[in-house]
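The structure appears below as C-alpha cells.
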Amino acid sequence: MASSAGAGVVGQTRSMITTDVPQRDLALIDRLRDDLTELDMTVDGVHSLLGAQAAAALHHELTMPARRRLAGDDSPLGTAVALFTLGAELPVAQVAAAFPRTGGEGLARLGLVLPGVEGAPGARLRAACDLRPYGDETHHWWVTSDLGEMATGGPLAPDHVLGIGGASATLASWTPRPTVARALDLGTGCGVQALHLHGHCGEVVATDISRRALAFAAFNAALAGQQWDLRAGSLFEPVAQETFDLVVSNPPFVITPRQPGVPRYDYRDGGLTGDRIVADLVGQVGDRLRPGGIAHLLGNWEVRAGQSGREVWDEWLDGTGLDACVVQRDTQEPWEYARTWIRDGGLQPGSAAHDDLMGAWIDDFAQRQVQEIGFGVITLHRPDSADGQVRAPFIEVVEHTGPVASPMGPTVWAALQARIWLAEHGVSGVLERAWQVADDVTEERFGRPGAPDPAVIRIRQGGGLGAAVQVDTVVAAFVGVCDGELTAGQALGAIAALVERPVAQVIAEAWPTIHQLIADGFLRPA
C-alpha cells in the first residue's frame, strides 16, 4: 500500500469538512493503515475469520451468524470486525490492543469511534462509522461510510452516506478500464468508483451534491494513498466546460414520488420527477466527453404503456450523436419497485406507514402510465470524427438477467471496440479480414433421432454474458472454418460454391448473424 504522504484532495475547502465524519489527519491515517494491514483486514481475511456461512449471511445484511462466530473472540481482527461492521461496543483496552499504533484515542481523533452508551463513561467504545475491507483482483482497500441498519438497528438517515452496496460493486465490475488521462466519477458517494479509477487514469475528478459524502471520500482517498480532485455540486455543474476520457456514475437513480411524507435519501434520490436524473445525464454527458471518450453508468428507466425499452433509449439518445450499449439486468412492476425501496425506511409490510408509501409510489407511476421499470448498465461512446468522417451512431439494447463473468469490464471494453470497428468498416471491412473463433465458444446441435440434418444449431459463449446465438448451416459452416487462414470473403465464397447459391445472396443473408457474432466476441480478428 502506498504511503499517504502527499495524498490529499485537490480543491477541498473547509466547508466540506464536518465533525460527524472521519477526519483527514494524514499522520494518524498512516498509523491506521499500518494497523489494518497487520490485522489482515482484507476481504479474504474477514471471510476466513467468519467462515463461508457467516460471511455469506453478512453479505445479505444478516448479522446473527457473524455475532455467534465472534462471541468470545477478542483477537485483533475479530475486534475490528465486531466494532466496525457489527456495531458492537467493546472495552477501550481491547480496541487499543487491536489498533496499537492508532490507539483508542487516535481512532476517536479520526472520528471513527465514540464513547459507548452503556456502562461507565469512556470505559467502552463504539463505531462512529462503518469501516470495512474492499478490493478487486489486484488491490486491497478500506472504505468508510455511515453505519448501516444492521449495525444501528434503525432506519437510515436522509443524508446517509452509503458504503459498498450491490450497485456500486456492479458498476465497478462492469466498467471498462482503458488507460486514460482524465476521468470523472459523477456522484462519487464514499468514493468506491474513484478507488478503481486511480489505477488506470492520470487524473481523477470526483463530484457529489452531498458534502458529507465528499468528506468520507476525502478520508477514503487518503487511507488508500490516493489523490482525487473532489468537488461539490449537482450533475455536471462542478465540471462545466471540462471534458474527460472516461465518465463513470452510480447516480441517485431511484425513482421517488415527489410527495410530502415520502422519505428522500441523498444517496439514492436525485430530486427530479420519474427517471429524469438518468435521462438528463444521458442527454448531457456527450458534451463532457472528449472524442473517443466513454461514459459508463447505472440507471433506472420508466417504460410506459404501449412503449418498449428500446423506444425509451431511442428517445433519450436522439440528437446526442453517441453510440450506446445498454444491458437491461432486471425489470420490475411498479409495486415491486416500491417494495424494494420502501425497505430503506425500515418499515414492515402491512403497517399503515408502509401501505401509505406503497400507495404513493403506485399513484406516482400511474400518473405517468408506467407499466414497468428497467434497471441496467449503460455504456456510451462519443465517436472520434477527427478524420472528418461522420457516421451514424449505433444503439444496442439487450436483456440479460442471468449470471455474467466477473469482472465484466474486459468484456464490455472488447464489445465496445468491436462495435465501433464494425460501425466504421461495415461489410467490406469484415470480408477483407480473417477471423478466429474465441477460445470459450462451443457449438450445440439438436435434431430428431435419425434425421440427416440438425434442426437447431446454436453457438454458445462461455464467458462474458454467456450468450447463445442460433445459426443456420451456412453461418455454422463459416464459423467452423474461422481459423485465421481465410478472409471472411474467401470463406463465404467457398461456402456459396458448395451450396450452389450466388455469393452476394449468401453474404447478405449471413451478414446480420456474422455481425452479431463479431460484436459479441464469438469471432475475433486473426
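In the condition set (1) at pLDDT 95 or above; (2) of a type outside the set (A, V, I, L, M, F, W, C); (3) open to solvent by 20 Å² or more (accessible area, probe 1.4 Å), residue 302 is compliant with all but (3). Note on region 232-255: residues that are open to solvent by less than 50 Å² (accessible area, probe 1.4 Å) and over 21 Å from the mean Cα position of the chain (by Cα) amount to 6.
Of everything in region 165-180 that is part of a loop (DSSP other than H, G, I, E, B) and among the hydroxyl-bearing types (Ser, Thr, Tyr), the residue that is most open to solvent (accessible area, probe 1.4 Å) is 179.
Just to check your reading of the model, which residue among 202, 271 is open to solvent by 40 Å² or more (accessible area, probe 1.4 Å), without any contact (Cβ under 8 Å) to a residue 40 or more places away in the chain, farther than 26 Å from residue 341 by Cα and not hydroxyl-bearing (Ser, Thr, Tyr)?
On the way: 271 fails: farther than 26 Å from residue 341 by Cα.
After ruling out the rest, the residue left standing is 202.
Of all residues in region 444-477, which are under 34 Å from the mean Cα position of the chain (by Cα) and within 21 Å of residue 501 (Cα to Cα)? Within region 444-477, 471 is the sole residue that qualifies.
Screening residue 97 on (1) at pLDDT below 95; (2) over 36 Å from the mean Cα position of the chain (by Cα) shows it passes everything except condition (1).
This table checks each residue for (1) in contact with a strand residue (DSSP E or B) (Cβ under 6 Å, 6 or more places away or on another chain); (2) modelled with pLDDT under 95; (3) over 19 Å from residue 37 (Cα atoms).
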residue: 70; (1), (2), (3): no, no, yes
residue: 76; (1), (2), (3): no, no, no
residue: 80; (1), (2), (3): no, no, no
residue: 83; (1), (2), (3): yes, no, no
residue: 110; (1), (2), (3): no, no, no
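I want to confirm something. Restricting to region 334-368 and keeping residues that are among the acidic types (Asp, Glu) and more than 30 Å from residue 408 (Cβ to Cβ), which single residue is most open to solvent (accessible area, probe 1.4 Å)? Residue satisfying both the conditions and the ranking: 356. The set of residues in region 241-253 being more than 17 Å from residue 192 (Cβ to Cβ) and either assigned to a strand (DSSP E or B) or at pLDDT 95 or above (or both) consists of 242, 243, 244, 245.
With the condition being touching an Asp or Glu at 6+ places or on another chain (Cβ under 6 Å), β-branched (Val, Ile, Thr) and open to solvent by 10 Å² or more (accessible area, probe 1.4 Å), I'd like the helices (runs of 4 or more DSSP H) fully within region 73-164 carrying at least 1 qualifying residues.
none
Going through (1) modelled with pLDDT under 95; (2) assigned to a helix (DSSP H, G or I); (3) over 28 Å from residue 23 (Cα atoms) one by one, residue 58 falls short only on (3).
Is it true that residue 526 is small (Gly, Ala, Ser), free of Cβ contacts under 8 Å to residues at least 40 places away in the same chain and loosely packed, with under 14 Cβ neighbours inside 10 Å? In short, no. Within region 320-333, if we keep just the residues that are open to solvent by 20 Å² or more (accessible area, probe 1.4 Å) and acidic (Asp, Glu), the residue that is nearest to residue 302 (Cα to Cα) turns out to be 333. Restricting attention to region 475-512, the residues being out of contact with any Leu (no Cβ under 7 Å at 6 or more places or on another chain) and surrounded by fewer than 20 Cβ atoms within 10 Å (Cβ to Cβ) number 24. Does region 212-229 contain any residue that is acidic (Asp, Glu) and buried (at least 24 other Cβ atoms within 10 Å of the Cβ)? Checked region 212-229: no residue is acidic (Asp, Glu) and buried (at least 24 other Cβ atoms within 10 Å of the Cβ).
Each residue in region 181-200 was checked for being among the hydrophobic types (A, V, I, L, M, F, W, C), outside any helix (DSSP H, G or I) and touching a helix residue (DSSP H, G or I) at 6+ places or on another chain (Cβ under 9 Å), and 4 pass. If I ask for residues that are in a loop (DSSP other than H, G, I, E, B) and touching a residue at least 24 places away in the same chain (Cβ under 8 Å), which ones from region 231-240 would you list? Scanning region 231-240 gives 233, 234, 235, 236.
Out of 417, 371, I need the residue that is open to solvent by 60 Å² or more (accessible area, probe 1.4 Å) and over 28 Å from residue 492 (Cα atoms). Which one? Walk me through it before giving the result.
Numbers: 417 fails: over 28 Å from residue 492 (Cα atoms).
One residue alone meets the criteria, 371.
Does residue 297 satisfy the condition of being surrounded by 17 or more Cβ atoms within 10 Å (Cβ to Cβ) and within 24 Å of residue 416 (Cβ to Cβ)? Criteria met by residue 297. Hey, does region 276-289 have a residue that's open to solvent by 30 Å² or more (accessible area, probe 1.4 Å), touching a Ser or Thr at 6+ places or on another chain (Cβ under 7 Å) and part of a helix (DSSP H, G or I)? There is at least one residue in region 276-289 that is open to solvent by 30 Å² or more (accessible area, probe 1.4 Å), touching a Ser or Thr at 6+ places or on another chain (Cβ under 7 Å) and part of a helix (DSSP H, G or I).
For beta carbons closer than 9 Å, sequence separation of 6+ or different chains, a first residue in region 143-166 that is farther than 16 Å from residue 216 by Cβ and a second that is open to solvent by 50 Å² or more (accessible area, probe 1.4 Å) and of a type in the set (A, V, I, L, M), the qualifying pairs are 150/62; 155/347.
Mind listing whichever residues of region 35-70 are acidic (Asp, Glu) and open to solvent by less than 60 Å² (accessible area, probe 1.4 Å)? Once the filter is applied, which keeps residues that are acidic (Asp, Glu) and open to solvent by less than 60 Å² (accessible area, probe 1.4 Å), region 35-70 yields only 35.
The values are calculated or read from the model by the stated rules, or taken from the named source; none is laboratory data. These numbers were taken from a predicted model, which means no experiment stands behind them. Because the Cβ atoms are built from the backbone with ideal geometry, glycine has one as well, and the counts that use them run over all protein chains shown. Areas reflect the complete protein model, heavy atoms only, side chains present, ligands, DNA and RNA absent. Shrake-Rupley method; radii C 1.70, N 1.55, O 1.52, S 1.80 Å.
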